[in-house]
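Heads up, the thing below is written out as structure tokens.
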Amino acid sequence: MEVTKRVFRFMLKQMDFMILLFILLLKLYIFAKVSGTIFVTLMPIDYLREFFGWLFGAETELRIFEGVLMVSVGTILLSTFWILFLHGRKRFVAIFIINALLSFIILADVIYFRYFEDIISITVLMQMKQLGDVGESVFALFSWTDLIFFIDLLLTIPLLIYYFRKTRNHQPAKPLLIPKLLTGLLVLIIGYQLTFIPFNKSMENGGAWQFNKLISNMRVYNFTGLLGFHGANLQRYTEDNFINKKEYTEDEVESVASWFEERNEAPAASPYSGMAKDKNVIVLQVEALQDFVINREINGQEITPYLNSLIAEEGIYFPEFYEQTGVGRTSDAEFLLNTSLYPTAKGSAYMLYAENEYDSFPQILKDKGYSTNVFHPYKPSFWNRYIMYKQLGIDQFFSESDFEEDEVIGWAINDDAMLQQSLDKMVDMEEPFYSHIITLTSHHPFEMPDDHKVLNMDGYAEYSKRHFRNYLHSIHFVDQAIGNFVDRLKAEGLWDDTMLVIFGDHSTGLTADDPAFSEFADAGEQQTYFEANKKVPLIFHIPGVDEAQQFDQTGSQLDLAPTLLDLIDAPSSGRKWIGSNLWDGEERKVTFRDGSFITGDLTFITSSDGIYENGSCYERESGETLPTEQCRAPFDQGVQELKMSDDVLEGNLINKFEK
Ligand code: GP9
Ligand code: MN
């Protein structure tokens, strides 16, 4: 009997800890509510049903995000278990401090999320100065429910005073050491299990690449919960910036600097140099637009009639142009355009190197008196754009909430509406303006509402051909949207004062196993698939040029900035770029992130084991396999370029070059 009583009394004494746990969970719930994430997308009862179902192995619908509640409890336990080793006054004060600290973090995240739809990461903290306008509007972002973050703390203060007075002369009896230690340890173990079992399960079930490659902070949050996010973020930041940080000696910096200097010493002059000087520049980066649809028909209908007519009438077209993106996908295509550096193999450069300095293409235009704008109708935090754009010298970023409601296709309002609304804004802008527009309708899996499926896709009805079929429907829609956009540019009198550049961001994700795709794009072999898959169109409308022309040499997204700059200004030396202007008509080697490359004559595909000799070297024209040695020299050059680019990113070297 005595023992039961003692156990009961002991449990009662842990009540303070239980209350702390409950309060913190409630505060995390508020973040989930504000961010509209999994805690609150289900009603509490539904959530519990799903949660227990999942816990006991039932088939549930939640899949990989399901662990976030459990992880949230686990991370609270991991942050607070040590309190159980304390007693008396120390314990009371510790509870107060940890509650205040964690509440402050959660509240800061809640407020930040309301504004940016993102979580405060260390990168965000480092860039706080640039995001200055938040400071002013913080009060406007307060909501009455935020009081809950303080109420408990305010209530605890009189309790704390009362308790300190009461215990001035006699400290409460010390709890027995063993039960105290055991309870603390038990809670630590439970916290660890609650955190890592669901986390590891999500990683195994396909979450790992999203976690490791950092698409957006909210994707990480889906696996870690809020406190876990900060833990993982801190760990990653420390590893990248302190533990694994490579220090560059002056000599190393010097040698990278002179490599860039040599490369950018004498850019070739071109017949078009300066033709777009002081003209508006619109760069249309089209989601998943690949070259295999250009100038092609399906059942007698053109897939991209507008682009085809532009190419035929006055456009300048590069049919041998390749994308070089890595896991950062759209953001990598932007990065290539904006910096003429290779994307990183570690994830998205937009996420990982947002604090770096760049020889930024938009910044150059800004310095020339252009206003610099990006239009993309999605969440500003996705791919960390809102942070990266500040760094790149973008004045205005028109994102999801800047567009009016219209028909949503896939992830966002459709490209036709988006382009028209973007133009509404451009019409009011002072000229010259630079507008980088990133379209979204033709995003994988390319599903279109039925009334927008206008191509006759007879012969492609099978389920296995759905991606190919949908891709053609969606790219046809986007082509028409671009046509409408150009018509309107003409109607507004802007066409003759505007250079328009259109390019595809990356491949579709259609693979060689897809029979419809491989047949249509002639991509049945390793080599032909590789080439077709990497090829995206690049098309220019240059004011004053009214004769269509085609440049057949190879080129890549690395060359965009130098090529555009040549048109806007005369060729300028001294840039910190890897690409070069395409107007010289010279063949060049296009290297991809994994070291594979394409030149006018050769295609080299690296082997996944990373051993050079196991790669495949093809003569492009004949499709014959050559001994790998024949691909060695361009391969080595490419590897050198990748290394230089990585050094610039990892050591943030550009700002160290001149010093
Ligand atoms: C999202 C859009 C799509 O904003 O850019 O990105 P992706 O999935 O193609 O990288
Ligand atoms: Mn994309």
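The values are calculated or read from the model by the stated rules, or taken from the named source; none is laboratory data. Since the model is a prediction, treat every value here as computed from it, not as a measurement. Neighbour counts are summed over all protein chains in view; Cβ atoms, including those assigned to glycine, are modelled from backbone coordinates with ideal geometry.
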For the structure I just gave you, tell me whether GLU334 is closer than 30 Å to MET457 by Cβ and at pLDDT 95 or above. no
Please go through the range 377-408 and give me each residue that is within 16 Å of ligand 1 (Cβ to nearest atom), touching a helix residue (DSSP H, G or I) at 6+ places or on another chain (Cβ under 7 Å) and not in a helix (DSSP H, G or I), ordered by number. PRO377, TYR378, LYS379, PRO380, SER381, ILE394, PHE397, PHE398, PHE403
Take the residues of the range 426-440 that are of a type outside the set (A, V, I, L, M) and within 16 Å of ligand 2 (Cβ to nearest atom): which is surrounded by the most Cβ atoms within 10 Å (Cβ to Cβ)? THR439
List every residue pair whose Cβ atoms lie under 8 Å apart, where the two residues are 6 or more positions apart in sequence or sit on different chains, the first residue falls within the range 601-627 and is closer than 16 Å to VAL639 by Cα and touching a residue at least 60 places away in the same chain (Cβ under 8 Å), and the second residue, located anywhere, is charged (D, E, K, R) and surrounded by fewer than 19 Cβ atoms within 10 Å (Cβ to Cβ). THR603/ARG620
Helices (runs of 4 or more DSSP H) completely within the range 292-364 that count 2 or more residues being crowded, with 24+ Cβ neighbours inside 10 Å and assigned by TED's automatic domain parsing to the domain that holds PRO562: 329-339, 349-352
Taking the range 139-158 and keeping only residues that are touching a helix residue (DSSP H, G or I) at 6+ places or on another chain (Cβ under 8 Å), hydrophobic (A, V, I, L, M, F, W, C) and at pLDDT below 90, one is left with LEU141, PHE142, ILE148
What about ILE45, is it assigned to a helix (DSSP H, G or I), modelled with pLDDT under 80 and of a type outside the set (Lys, Arg)? yes
Could you grab me the full set of residues in the range 458-496 that are surrounded by 19 or more Cβ atoms within 10 Å (Cβ to Cβ) and of a type in the set (A, V, I, L, M, F, W, C)? PHE468, LEU472, ILE475, PHE477, VAL478, ALA481, ILE482, PHE485, VAL486, LEU489, LEU494
Restricting to the range 434-481, name every residue that is touching an Asp or Glu at 6+ places or on another chain (Cβ under 8 Å), away from ligand 1 (no atom under 16 Å from the Cβ) and either not small (Gly, Ala, Ser) or not assigned by TED's automatic domain parsing to the domain that holds PHE403 (or both). PRO449, LYS465, PHE468, PHE477, GLN480
Any hit, the range 589-610, residues being acidic (Asp, Glu), in a helix (DSSP H, G or I) and at pLDDT below 95: no
Would you check which residues across the range 373-394 are farther than 19 Å from MET418 by Cβ and surrounded by fewer than 22 Cβ atoms within 10 Å (Cβ to Cβ) and list them? LYS390, GLN391, GLY393
Expected single match for touching a residue at least 60 places away in the same chain (Cβ under 8 Å), among the basic types (Lys, Arg), within 16 Å of ligand 1 (Cβ to nearest atom) and surrounded by 13 or more Cβ atoms within 10 Å (Cβ to Cβ) among LYS277, LYS213 is LYS213
From the options PHE196, PHE211, residue that is assigned to a helix (DSSP H, G or I) and touching a helix residue (DSSP H, G or I) at 6+ places or on another chain (Cβ under 7 Å): PHE211
